Amino acid sequence: MCTRHKPEETIQAHFNEAVQWRRDLHKCPQPSWVEFFATGYVAEKLEEWGYELKLGREIIAEDKQLLLPEATILQREYERALKAGVQEKYISPAQGGFTGVVGILKGDQPGPTVAFRFDIDSNEGLESKAGSHRPVKEGFASQNPGYAHMCGHDAHTAMGLLLACHFAENKANLKGTIKFLFQPNEENLSGAAAMIATGQLDDVDYLFSGHVGVSARKIGQIALDIHSILALSRFEVSYTGRPTHAGISPNEGKNALLGACAAVTNLYAIARHDQGASRINVGTLEAGTTWNIIPESANFRLETRGVSNEVNSYMVQKATEVLQGAAQMYDLTLEVKPAATALSGRNSPELIKLGQKVAENLHSVQETIPKIPFNGSEDVTLMMERVQNQGGKALFVLFGTPVFGGHHNSTFDVDENVIFNGAEFLARIHEAVTEESLIDDYRQ
């Protein structure tokens, strides 16, 4: 029988490699639907370690690819990934924006199917060039202008690879099936839905995912009982009117910009719900062509959030009434396109309790944070709901680390020890859920 290695042994043995994986990914960031470098980088390692790979249209549903970049951008980023050194055989299935990787490893012993989800996309933005910024100082800052890992998904991906390496080296003692979901497009919140639609969650008994930092800002912290994961809906809104000369015949025009401004003003005036916190934001507004033409079109991006799915649904309903009212008031044509969805999400209570027991026995955990708010949105909640609705269980974890500069900031960085801490916890909780006695306890 193969020697059983403790998770901390194999994870520690490959930790320095994992740090380098994170830095390689940090240097080559690509955002939603163009994560060709990360796709190829992950796929090559998983195949080397003996994982069955699923790529391209097999894992991404085309009708769920919301806000897909233009063809020129898709091709540019594909070629950029090739120049950065990934093998084309791993990314050719991803052409057209079908990025992401699913890796499957079947153990030599029977047991449940356990999935681990890690997001791989970067942000759109500029990374700091300051000499005090560690990625600059140590030579792994973004080499792709306009793109940067400012949320920690590079650390997430490295954590997933470190965990995958551990399972591969201990396959003889592995119970059940391991499924790694390296998901594209978390930042624009439609990658999870695209994977769900191809059936990637249909056989999953347990789903684990998480995020570095957020409300856990010290290395060695872990948070399991998380609330205020906000439900979210995003829309692209377009008003179309009639252009005319602003001086000669203004009465013949239908001013789309005026309608959009009325809508935006009144969106922020929606009464809040008595069942909890809500949010609304218009992030962009574009309209008009020049000084003396009544604007024919106006476009903006709108998002709503709610502490529960019900509160968010209320915000969507009221926002829709406002949008329609402005269109009617100014005699405009209105088009509203859904752009993203996330649910409020709840961790399975049994896994919270189990996770707390696991954390108590880890040297890497200095503090288990009690109930803590997330106060953001995550599309992994759709995956969690899918698994839970099928009778499975799901857990979303916060792994503590300083986030220098803050999330989505040009100086964002993490304490790379969080990669080890997260991989060790996930390996240990996998051991726990594959013990038959614990599974029986859950079913009672």
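Ranked from largest to smallest solvent-accessible area, with a 1.4 Å probe on the protein heavy atoms, TRP21, TRP291, TRP49 come out as TRP291, TRP49, TRP21.
The eigenvalues of the Cα gyration tensor, multiplied by 5 and square-rooted, give the stretch 365-404 an equivalent ellipsoid with semi-axes of 24, 13, 9 Å from largest to smallest. Solvent-accessible area of the stretch 51-195 (1.4 angstrom probe, protein heavy atoms only): carbon and sulfur portion equals 48 percent. Roughly how compact is the stretch 189-333, stated as its Cα Rg over 2.2 N^0.38 Å to two decimals? The stretch 189-333 yields a ratio of 1.42. Between HIS407 and ARG301, the modelled label-to-label distance comes to 1.7 nm, taking each label 7 Å out from Cα in the direction of the beta carbon.
Note on the chain: helix-only mean residue ellipticity at 222 nm, from DSSP H runs of 4+ residues weighted -39500 (n - 2.57) and normalised by residue number, equals -11000 deg cm²/dmol. Rg over Rh for the stretch 14-148 works out to 1.00, both radii taken from alpha-carbon positions and Rh defined as the Kirkwood radius. Of all the options LEU334, LEU343, LEU161, the one that moves most in a Gaussian network model of the chain with Cα springs shorter than 10 angstrom is LEU334. With 0.36 nm allotted per residue and the present C-alpha distance subtracted, the THR284-ALA271 stretch has 2.5 nm of extension available. Would you kindly calculate the translational diffusion coefficient of the stretch 298-372, applying Stokes-Einstein with the Kirkwood radius from alpha carbon pairs, for 4 °C and a viscosity of 1.567 mPa s, and quote it in µm² s⁻¹ without decimals? Taking Rh from Cα pairs, D becomes 79 µm²/s.
Placing GLU310, GLU431, GLU296 in order of accessible area, with the largest value first and a 1.4 Å probe, yields GLU310, GLU296, GLU431. Once all protein chains are placed together, ASP24 keeps about 40 Å² accessible to a 1.4 angstrom probe. Rolling a 1.4 Å probe over the heavy atoms of the protein chains gives the stretch 203-273 an accessible area of 40 Å² per residue. Membrane-span-like helices in the chain, defined purely by DSSP H runs whose alpha carbon atoms cover 20 Å or more axially and whose average Kyte-Doolittle hydropathy reaches 0.0, are 153-169, 417-433. Calculate the length of the line joining the C-alpha centroid of the stretch 362-378 to that of the stretch 259-276, in whole Å. Rounded to whole Å, the Cα centres lie 33 Å apart. When both the stretch 392-414 and the stretch 343-358 are represented by their alpha-carbon centers, they are found 18 Å apart. Cross-link partners among lysines for LYS106, C-alpha distance below 23 Å, same-chain residues fewer than 8 apart left out? Filter leaves LYS6, LYS45, LYS54, LYS171, LYS175, LYS179, LYS393. Each Cα pair under 8 Å and six or more residues apart adds its sequence gap; the mean of these over the residue count of the chain is a relative contact order of 21 percent. Across LYS337, LYS83, LYS393, the residue with the most accessible area heads the list, and the full order at a 1.4 Å probe is LYS83, LYS337, LYS393. Here the chain carries DSSP beta bridges of which approximately 65% are antiparallel, counting only pairs with both residues inside.
Restricting the calculation to alpha carbons of the stretch 297-336 gives Rg and Dmax of 11.7, 35 angstrom. One decimal place: the segment ILE248-ALA172 gains 19.2 nm when fully extended, by the rule 0.36 nm per residue minus the C-alpha distance.
The values are calculated or read from the model by the stated rules, or taken from the named source; none is laboratory data. Treat the numbers as computed from the prediction; the structure is a model and nothing was measured. Ideal geometry is used to build each Cβ from the backbone, glycine not excepted, and the neighbour counts take in all protein chains shown. In case anyone asks, the SASA skips ligands and DNA or RNA and just uses the protein heavy atoms, side chains included. Shrake-Rupley method; radii C 1.70, N 1.55, O 1.52, S 1.80 Å.
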